[in-house]
Amino acid sequence: MFSYKEEFKKSFVTRMERKGMEKTAELAYETLWEMTQEWIQKRWNRTNQLYRDNNEKKLYYFSIEFLIGRVLGQNLINLNFYDTVKEGLDELGLQLSEIEELETEPGLGNGGLGRLAACFVDSLASLGLPGHGYGLRYKGGLFTQHFVNGYQTEQPTQWIQQEHNVDIRREELAVDISYYGEIQVVMGLDGLKVNVENPEWVKAIPYDMPVVGANGGTVNTLRLWQAEVSDRPFPGREDYAVYEHETAKITDRLYPDDSLEAGKILRLKQQYFLCSASLQTILNNRSFSIEALPENAAIQINDTHPALAIPELMRLLIDDHALSWDQAWDITTRTISYTNHTILEEAMGKWDSRLIQSLLPRIYLIIEEIDRRFKKSLQQQELDEEALHKLSIIENGTIKMAVLAVVGSYKVNGVAKLHTEILKKREMKELNEQFPNKFHNKTNGITHRRWLLKANHELSGLITEAIGPRWIKEPERLSELHYFAQNHSFLQDFQAIKSLKKEHLIHHLQRNQNVVVDPDSIFDIHIKRFHGYKRQLMNILHIQMLYDRIKRDPTYRPYPRTFFFGGKAAPSYHFAKQVIKMINTVASKVNSDPLARKHLHVVFVENYNVTQAEYLIPAADVSEQISTASKEASGTGNMKLMMNGALTIGTFDGANVEIFEEVGQENAFVFGMRAEQVMQYEKEKSYNPKEIIDSDSEIAQLMEELIKGEWTDGKNNVDFIVGQLMEDSDPYFVLKDFRSYSKAHEQILKAYAHPEKWAEMCVKNIAASGIFSSDRTIQQYSNDVWHLTKIPSIY
Ligand code: GL4
């Protein structure tokens, strides 16, 4: 145990010397990595031993994405060794922060959904709960984004290194997954049995990653599956090369779409691969009778991507464990629960029946039977066509995974109060009526260990100085900061830290992107995936309007603002890519104008990812959370920014609603239509953006400039944007909410003119943010859904 600096230094130096090379940062990274792995391994073994001895119920969190970010620094934080190591290295003339920079972040996720899964496994371990993650080991994580002439380009990202990998290959736990084949019904010992003849086998090899909980007390496992060539014979050996190639592709890369289901066969293969491999391991390594599965295991499916877990568990129970349909259904529907993360139509998992039928013939039969039995159970009721449509799993050759997920699980949740209400009252109204006790809300959360302790060590220190360290274990105690919200010296310290974090960001950007930012400007930050409903377009249109005003009105000279953008667009999402291009074009226009530049600066941070977020979030003054009300299921960036003392400019959408509830609307900048209004307009199709353009001269000017192509480097590359705003009737209500957005920005400027009052609002935000810790979310899931027992901590 290296609880003391001197001991650490001694061991570190000995190891470095043994390697006999120069004292480079790379070597230091390697050495520190090894030492950390050893500290973790001891605790990991110990946790696993405890799990074996205690035999408590376990949770398995199935997710197609785990956006974990860099792990070295986070593991040191969670082990409570960060300060010791940092100081020790300082004394040896090495900088921990520089060593951390050498790690390539594994980008095994797209955005919010994947990052949520990462926060959840952190909280499970930190609460000492027996819960493990199951996911896929994509060789290529999310693409690296570069701008060329303002356009997004995508390069593959390789995170797996030859040595010092964050995970351990577990050859002995490999299982086989089967695709294709022909169904045969054979006579078995206990009657008819379904067999799949001549399937194509693929080997699934697990790689285990430790998930270190707070204080190193519990180390759980994140198990990621990799596809490899199976040792089993397969039909058509002459096609071997093709087979080998296809197999390797299964976990070759992460699908780069957020909120869009690709509907591709490879994606389906990935989803089944995850479900089948994970379920087989759970069943193979159990220490209880198969009938006792629900008492010993809970399986949470993160959105519909792993919904095939339902028919796959049925298959394993019936075909491999010889249970009857009723027994298997009873077990499955008491083991699996489902989280819905979106109501966007295009993100709802839907599969062509024929695709499933050919790739997964046995699974298809089971889904058909689930659908048949469910429909039969509805026959007594008088249901109209609309209800029957909403309640069918298979319809017109399409399999609706969300319906399957609801029917086959014992609990279903949305991720923020508003989102859950929309699910219950609208999107899944009929399902909710059939299963009235299934639906519940679990508002998302974020781990304060990464987003405060790690990303903002300085602010964490200040908080501890003020209220003591108990908030670290019990983040709701952040509310004690309320006593300091009007304490002059505390506010000054807060402001000093904000400035310091701005300097860190500036330095980072200078090094990476060669931009220079004014540290005294307001840092207004809009970071998230690019999507129409997230309305980056509204933000950039507003900036363009400010620019026009500065040019037109000599009395309009607002306080300097830097508008930061960060985020990637799915490579096939043309509209979003044009918005990216437009931001870059407006940026170069504004930034190169000597007059405008004194007041406005637009910075597009290239390749936004978890690491970049750790620089941006602590430096933010303003948090842009401006989605069209009803569209953002929750949002989690909103919580991270609030926890770091940024003030939200936002709509009544997703978890913003709860943020405003906690902090009070007077400590945020709320604007725009409510969800009911948006949904009403959608229903009536009564919104006409032309009326707004005609009645607002500034907006009219913006549209004119857009159409004329003034922001397009002369090329006609805003046609998707113009098309959406005009021909498509502005489906995300950008123009409708524009004026109230602009007013909210004016309020921001007014408020910022009073620095101490501003700081007071920031501190109130931090004080109200404790409830958004994922520890709270996970504890609620455990109490209401999983029923886990905390294991005793040893450290
Ligand atoms: C998302 C939602 O869009 C986002 O609001 C939410 O915070 C996140 C986690 O629940 O899930 N759904 C999909 S799909 N991608 C997301 O990020």
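Look at Ile310 and say whether it is under 23 Å from Ile282 (Cβ atoms), touching a Pro at 6+ places or on another chain (Cβ under 9 Å) and buried (at least 21 other Cβ atoms within 10 Å of the Cβ). The answer is no for Ile310. Leu124 satisfies every condition listed in (1) within 14 Å of the ligand (Cβ to nearest atom); (2) hydrophobic (A, V, I, L, M, F, W, C); (3) part of a helix (DSSP H, G or I) except (1). Against the condition in the same structural domain as Gly109 (by TED's automatic domain parsing), surrounded by 14 or more Cβ atoms within 10 Å (Cβ to Cβ), over 30 Å from Tyr51 (Cβ atoms) and β-branched (Val, Ile, Thr), how does Thr218 come out, does it pass? Here the answer is no, as Thr218 does not meet what is asked.
Hey, can you tell me all the residues within region 386-406 that are in contact (Cβ under 8 Å) with a residue 60 or more places away in the chain, in contact with a Leu (Cβ under 9 Å, 6 or more places away or on another chain) and more than 13 Å from the ligand (Cβ to nearest atom)? Result: Leu404, Val406. For region 87-110, the tally of residues that are surrounded by fewer than 24 Cβ atoms within 10 Å (Cβ to Cβ) and either in a loop (DSSP other than H, G, I, E, B) or within 28 Å of the chain's Cα centre (by Cα) (or both) stands at 15. Taking into account only those residues within region 405-422 that are more than 15 Å from Leu391 (Cβ to Cβ) and in a helix (DSSP H, G or I), which is nearest to the chain's Cα centre (by Cα)? Per the criteria, the residue is His419. Of all residues in region 284-317, those satisfying the criterion of being assigned to a helix (DSSP H, G or I) and either farther than 19 Å from Tyr179 by Cβ or at pLDDT below 95 (or both) are Asn284, Ile290, Glu291, Ala292, Leu293, Pro294, Glu295, Asn296, Leu317. Here Thr218 passes the criteria (1) among the polar types (S, T, N, Q); (2) more than 30 Å from Gln357 (Cα to Cα); (3) at pLDDT below 95 except the one numbered (3).
Is it true that Ser630 is assigned to a loop (DSSP other than H, G, I, E, B) and buried (at least 21 other Cβ atoms within 10 Å of the Cβ)? Yes: the conditions hold for Ser630. Against the list (1) part of a strand (DSSP E or B); (2) among the hydroxyl-bearing types (Ser, Thr, Tyr); (3) not assigned by TED's automatic domain parsing to the domain that holds Val212, the condition Thr84 fails is (1). Considering region 581-627, and only residues there that are within 16 Å of the ligand (Cβ to nearest atom) and under 30 Å from Glu676 (Cβ atoms), the residue that is surrounded by the most Cβ atoms within 10 Å (Cβ to Cβ) turns out to be Ser623. Does Arg115 qualify as being within 16 Å of the ligand (Cβ to nearest atom) and of a type in the set (D, E, K, R)? In short, yes. Exactly one residue among Leu268, Leu279, Leu254, Leu224 is of a type in the set (A, V, I, L, M, F, W, C), modelled with pLDDT of 95 or more, under 19 Å from Leu308 (Cβ atoms) and within 16 Å of the ligand (Cβ to nearest atom), and that residue is Leu254. Here Gly650, Gly645, Gly664, Gly672 are screened, and the one residue that is modelled with pLDDT of 95 or more, touching a Cys at 6+ places or on another chain (Cβ under 6 Å) and either within 16 Å of the ligand (Cβ to nearest atom) or in the same structural domain as Gln536 (by TED's automatic domain parsing) (or both) is Gly645. Within region 486-507, if we keep just the residues that are of a type in the set (D, E, K, R) and surrounded by 20 or more Cβ atoms within 10 Å (Cβ to Cβ), the residue that is nearest to Glu760 (Cα to Cα) turns out to be Lys498. The one condition from (1) out of contact with any Phe, Trp or Tyr (no Cβ under 6 Å at 6 or more places or on another chain); (2) buried (at least 24 other Cβ atoms within 10 Å of the Cβ) that Val722 does not meet is (2). Remark: pairs (first residue in region 626-649, touching a residue at least 40 places away in the same chain (Cβ under 8 Å); second residue more than 13 Å from the ligand (Cβ to nearest atom) and hydroxyl-bearing (Ser, Thr, Tyr); Cβ separation under 6 Å; 6+ apart in sequence or on different chains) = Thr628/Tyr732; Leu641/Ser623; Met642/Ser769; Met643/Ser769; Ala646/Ser623; Thr648/Ser623. Here His164 qualifies as in contact (Cβ under 8 Å) with a residue 24 or more places away in the chain and on the phi > 0 side of the Ramachandran plot.
The values are calculated or read from the model by the stated rules, or taken from the named source; none is laboratory data. Every value quoted in this text rests on a predicted model; they were computed, and no experiment measured them. Quick reminder, even Gly has a Cβ in these numbers, built from the backbone with ideal geometry, and neighbours come from all protein chains shown.
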